[in-house]
Every structure is written in structure tokens, then in C-alpha cells.
Amino acid sequence: MAPASLLEAARTQSPESYLYTTLASSHLGETSAIVISSLISFGRSTTKQIASRTNLSVKQVKTAVVSLVQLNCVFFWTEGKEVYYTFDDRGVQRLLFAGDIVTRIRVAYGDESAQIIQNVLENGSLNVKEYLSTFSEEAKYETSDRLLKLYNDGWLHRLQPYNYYPLEDVWNMLFQETLKNTPRTATTSEIKRVAEAKAKTKVKLNDYLSRGTDPKDVFTVEAGMQKFNPLVTITFNLARYEKYLRTRALVDLANLRFGLLTSKVYEACCSLVEQNSPDLHQTFLQISGLINDPEEERLYISSIENGLIDSKRTVFNLRDVPRALSENVDLRNSILTQNFLKPPKRVHMNGSAERTKKIKLEDGTAQTVEVEDEEEDDGDYVADNSTAKSLSLISEHVRLLTSSGTPFLMEVSPGSYTIPYMQLHKLVKQHHLSTLVKTTLGTNALRVLRCIIQMKLVDEKAISNSVLLKEKTVKNELYKLTNMNLLEIQEVPRSADRAALKTFYLFRHKPVLAYRSISDALVYDMAQVLTNVARFKLDNKILLDKCDREDVKGHEEELLLESELKTLRQVQQRELGNVGRLNRVMWLYVVFGVL
């Protein structure tokens, strides 16, 4: 494959191929992009096969493959004397989200920790001993503490040899080994034997993937202090970043439904269980053919979530929320309930509450008498507006989150709550889909789509009667929705000859297919934005190379012509505009393609 035809071939193959090839070309170079394009097109290949398909030399392919394996963009698997390579899209996704990852770490942990994560992303992995040797003795202890903090919070994990292997090849190896050791008997059918082998292989695979993650294998204790084992190599944990993206999506939706302060309380609740929350990409779902039935997939994901709740890993107590709240959050007077609407008691000069009341006598005069304190009622918590993070105020915000139509929190026991991630995933996608349809196609299209979702399978006439729109308007909206791949059409003939005049059509909406279509469109749009940036940079390559010279940096206004300065500003403005557009599209891709 010639470099000139690389972009066009990747663009026409698939949106993912277009995006990943464009990213690899801008970050890793043309040769790596050609290798990735070949692996996406042909699948598992050896270096000789890649070289013959791309018109590259074997030496060029091997050099590119070494870099791609180091950056976790390519898997390898050895069978006999042959080494096969497989593309890993998770590695390229690290490059795609690298800027946002570093920004998140900088906000949460500081600039030094963000520098560590940036070094890990640039090199693919870091050996702890070698990395700490680059620092002075004073900075070495501080860097080691930051590494421990990032590792304990899940942002880093230990790099194991199996991280370089394709999961399907590992599964096939363990399955064939288990099946060979499962004897055939006259009383056991082959189907039952294979099912038993699959069940045993699942246990073996979990043990295989958890190997080397025990704290005894990762840490050592010196002088009472926990330190990394010098032989440990660490890499970035993309699954942890995806959990953060899910939290961000849920908090944004809570902000839209309940307001800013309630969303801040919800953000604190999510942060308490974010690290232990279920992964967005489960191991067994990544193995083709293992779980095919959608109902079985739903039950599998539900069992994982219920298991985390039963083990209390995703359950938090209400009293833990105040310490997780941001320092600048003030909840006073943020919510109105019967507890908080009670008038305050009058106070004496000495600070004690008055225990008297006036009663009217028979002669019409008033007399003041002392009364005993009455017990408070109407609520589990005493009203307290005196502190910014009062537990009673937090409990009222939590009550809002648990009592909505689709609860953002679920109470598992008095004072203990969990987050129903599985239900909220659907809610987030439905909300963004409705917003996209409303803003791009109009309110009539949204009314028609909601009608079809509610009625499952319906014809034009029934839609027109339900949404109270003319049939011509409904036809136009159905055409728009079908053109956007949000609807499916089912032809229903009324005669044996399937005459067109006697045929009518039914419409249905399948969320999974609609979300996949939107995700593909967003992936293509991201690739198009990156291509535009690369194109106008290439058009101004001479000027940009001149600005990168050491003698020109910092003295552009003195050494560049007025026309060159104007062109440079235009290039920078176009790049900023495209980066902003890329971030907006990327967030929609997170909602429809990652969650």
C-alpha cells in the first residue's frame, strides 16, 4: 500500500480505520499508520505478510511493530516459530484521549502527577526503578509517593506479559487445554462436556488475568514504609479513565434534572464508589462467540453489578458524603422542605431559647406562662442550616436523587446507597439521542420518534393519530429519521403478488443499532477534523518550520513579515476552532460509543 493511497483506503474501509490510521499517522508516523491499516484490513498477520501487502520492507515493518507493541497498540502471539500480530484499538484510544487524561490528573492530583501520567502515555509503560533513577534523592521520595497514590487510585496498573497477548488467543489456549483434560464418558453428551469445559475455562481465565496483581507481588515494605518493587513495570489503566467519563456523564445529567448543587452532591456520591464501579468493557464480552444472546449479556452485566453491591464495594454511607464534597460547595438555603421551612425559635439575651408562651384569659388580658419543650417531628434529621455541608441538607438532596422517575441513587439499607449504573447508561443515551434529534431534525421529529419508541411497531396512520400531526408532515419526519438510521422499515404486503398499491409499512426503533450508527458517524467526523488540521498545517509547512527554529522562537513579531504573522494567526485560530469541535464530537462519541 503506497503512502499516498493510505488515507483514501482507510476512509473507505470503515470509520474506525479512518480515525485510527489518521491518529497513528499524526502521532507515530506514516509507516506505523500503514501497518495499522493493514492489520485492521487483514486481521492477524506476520511481519512478512504485512510487508507483502503494504510494499514495505520487512525491516521497516519490524521497526514499526516494536514501537506499536511498546505503546500497546498491537498484540502479539507466538505459535511455533511464527509470531502473529493483532491490532489493539485500546492503545490508539489512549492517544485519542491523552489530552483529557492529563488534564483530569492535573486537576485531581497536581502538575507533578500529570507529568507522570504524560510520561507513561508517551512511552507506553515505565519501569519504576529506572524512572525513579532519573530524579534526585529529594525528589525521588515525592515521586514514589505520587506513583503509589496513582496506583492505589487505579490510574496505573502493573504491566504483565499477558497484556501483550490477544484475549481470544489466551481464551482458546486455556479452553483447548481444559477440553483436552475433560474426559468423554458414555453418560455425558458432547454439548454438556463443552459447557463444563467453558465453565472451567472462565475460572482459569480470571485466575490467569489476576496473576501478579497481589499487593505482595507489587509492593515491598522498607522501614515501615510501603514502596514499589523495583522490578515492577507500570502502565496506564484506560478502564479507570472510562469510569471517570461515566461519572462525568451521570453528573451532567443530574445537573440538568436537579440543578447545580444537587449535581455536586451526586458527584461526591459517585466519587466514593467510582474506583470500584463495574468496568465498561467486561472480559467475557470481548471474546467472540462466548456470549451471543442479548438477554444473556444483560444478565451477565447485571450479575457483576449485583455482586459488587452484595460485597459492599459500590455501597457508600451518607455520612461519608461531606468529606467528598468540594470545598467551595455551600448547601445552605439550597433546598426547601417542611423541615427547613420551620420558623426559628426566639432566643433570650443569654442565648437560651424561650420556653414561654402567651395565653388569653377570660377577662381578655394576656398572661405569659412557661411551657415544656416539644419533641421535633416531621423528618428523620433535625433542620440545620448553620453549616455549608450539613448532613441534613445532604440527606434532602439525596432524597431528591432517589425519588426521581429513574432513580440516580438506590437505598440498599437505611443510610446506605448505591448507584444503578445499568439503568443510568440507558437514560444517558436516551437523553442525548432526544437532544440530538430535537436540535438537528426539529421537535416534530422528536415527537414521532418518541411515539414509535412507545408503540414499538406502528404504521404512518397510527403515528399521525397519536402525535396529532398531518400525514404529510409525519411522512417527511419519518423520511428524516430513516435517513439518519434511527428507524427500521418493515414491509407488510396485503396480497400474494406483493403489489405496491396494497402494501403498507411499519416502523420500529432499535436503540442498539441507532447508537452504533451515530457512533460510526461521530468517529468519521473526528477523523475528518484531524485530517483538516493536518491538511492546513501541511499547506503552511514552510512557515511553521520557520517558526520552530530556535532563533525564531519568541521573536516572531520581530523576524516575521506582516503577511506571515497574519497567516500564522489564521492557522492558530483554525487549529483552536477544530480542536474545540473535536472535543465536542469526542464527548458525544463517549456517550454513544464508550458507555
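The values are calculated or read from the model by the stated rules, or taken from the named source; none is laboratory data. Keep in mind the model is a prediction, meaning the values are calculated, not measured. As a convention, Cβ positions derive from the backbone with ideal geometry for all residues, glycine included, and neighbour counts pool all protein chains shown. For the accessible areas, the whole protein counts, side chains as well, though only heavy atoms, and no ligand, DNA or RNA atoms are used. Shrake-Rupley method; radii C 1.70, N 1.55, O 1.52, S 1.80 Å.
Summary of values
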quantity	calculated
Scope the range 418-458; condition more than 30 Å from Asn317 (Cβ to Cβ) and outside any helix (DSSP H, G or I); matching residues	Leu441, Gly442, Lys456, Leu457, Val458
Odd one out for Asn55, checked against (1) out of contact with any Ser or Thr (no Cβ under 9 Å at 6 or more places or on another chain); (2) polar (S, T, N, Q); (3) modelled with pLDDT of 90 or more; (4) more than 21 Å from Pro161 (Cβ to Cβ)	(3)
Odd one out for Ser303, checked against (1) surrounded by 11 or more Cβ atoms within 10 Å (Cβ to Cβ); (2) under 22 Å from Lys204 (Cβ atoms)	(1)
Single condition Ile34 does not satisfy, out of (1) under 30 Å from Arg516 (Cβ atoms); (2) touching a strand residue (DSSP E or B) at 6+ places or on another chain (Cβ under 9 Å); (3) open to solvent by less than 20 Å² (accessible area, probe 1.4 Å)	(2)
Within the range 45-67, considering residues that are open to solvent by less than 40 Å² (accessible area, probe 1.4 Å), hydrophobic (A, V, I, L, M, F, W, C) and in contact with a helix residue (DSSP H, G or I) (Cβ under 6 Å, 6 or more places away or on another chain), the one farthest from Thr21 (Cα to Cα)	Ala51
Qualifying residue in the range 525-535 (condition: outside any helix (DSSP H, G or I), at negative phi and free of Cβ contacts under 8 Å to residues at least 40 places away in the same chain)	no
Residue match in the range 78-93 (condition: free of Cβ contacts under 8 Å to residues at least 12 places away in the same chain and surrounded by 15 or more Cβ atoms within 10 Å (Cβ to Cβ))	no
Residue check for Glu274: open to solvent by 70 Å² or more (accessible area, probe 1.4 Å), under 22 Å from Arg158 (Cα atoms) and free of Cβ contacts under 8 Å to residues at least 40 places away in the same chain	no
Any hit, the range 426-436, residues being in contact with a Lys or Arg (Cβ under 7 Å, 6 or more places away or on another chain) and surrounded by fewer than 15 Cβ atoms within 10 Å (Cβ to Cβ)	no
Among (1) in a helix (DSSP H, G or I); (2) under 26 Å from Asp214 (Cβ atoms); (3) β-branched (Val, Ile, Thr), the one test that Val265 misses	(2)
Positions within the range 538-576 being open to solvent by 50 Å² or more (accessible area, probe 1.4 Å), of a type in the set (A, V, I, L, M, F, W, C) and outside any loop (DSSP other than H, G, I, E, B), in sequence order	Leu538, Ile542, Leu559, Leu576
Residue satisfying all of: in the range 115-141; open to solvent by less than 30 Å² (accessible area, probe 1.4 Å) and outside any helix (DSSP H, G or I); farthest from Val66 (Cα to Cα) among these	Leu126
Failed condition for Val398, given (1) crowded, with 16+ Cβ neighbours inside 10 Å; (2) under 14 Å from Ala514 (Cβ atoms); (3) not basic (Lys, Arg)	(2)
Within the range 488-517, considering residues that are farther than 18 Å from Ser434 by Cβ and hydrophobic (A, V, I, L, M, F, W, C), the one modelled with the lowest pLDDT	Ala500
Among (1) within 30 Å of Ser277 (Cβ to Cβ); (2) crowded, with 20+ Cβ neighbours inside 10 Å; (3) out of contact with any Asp or Glu (no Cβ under 6 Å at 6 or more places or on another chain) - the single one Ile463 does not satisfy	(1)
Subset of the range 486-524 (residues that are open to solvent by less than 40 Å² (accessible area, probe 1.4 Å), outside any loop (DSSP other than H, G, I, E, B) and closer than 30 Å to Thr21 by Cα)	Ala514, Tyr515, Ser517, Ile518, Ser519, Leu522, Val523
Test set (1) within 22 Å of Tyr300 (Cβ to Cβ); (2) in contact (Cβ under 8 Å) with a residue 24 or more places away in the chain; (3) more than 16 Å from the chain's Cα centre (by Cα) - His397 fails condition number	(1)
Subset of the range 301-320 (residues that are within 15 Å of Cys269 (Cα to Cα) and either more than 23 Å from the chain's Cα centre (by Cα) or outside the structural domain of Glu274 (by the TED database) (or both))	Asn317, Leu318, Arg319, Asp320
In the range 13-31, the residues that are surrounded by fewer than 18 Cβ atoms within 10 Å (Cβ to Cβ) and either at negative phi or polar (S, T, N, Q) (or both)	Gln13, Ser14, Ser26, His27, Glu30
All helices (runs of 4 or more DSSP H) inside the range 142-245 with 1 or more residues being open to solvent by 20 Å² or more (accessible area, probe 1.4 Å) and of a type in the set (Val, Ile, Thr)	190-209
Criterion violated by Glu460 - all others in (1) under 18 Å from Pro322 (Cβ atoms); (2) of a type in the set (Asp, Glu); (3) touching a Leu at 6+ places or on another chain (Cβ under 8 Å) satisfied	(1)
Number of the condition not met by Glu112 [criteria: (1) surrounded by fewer than 15 Cβ atoms within 10 Å (Cβ to Cβ); (2) in a loop (DSSP other than H, G, I, E, B)]	(2)
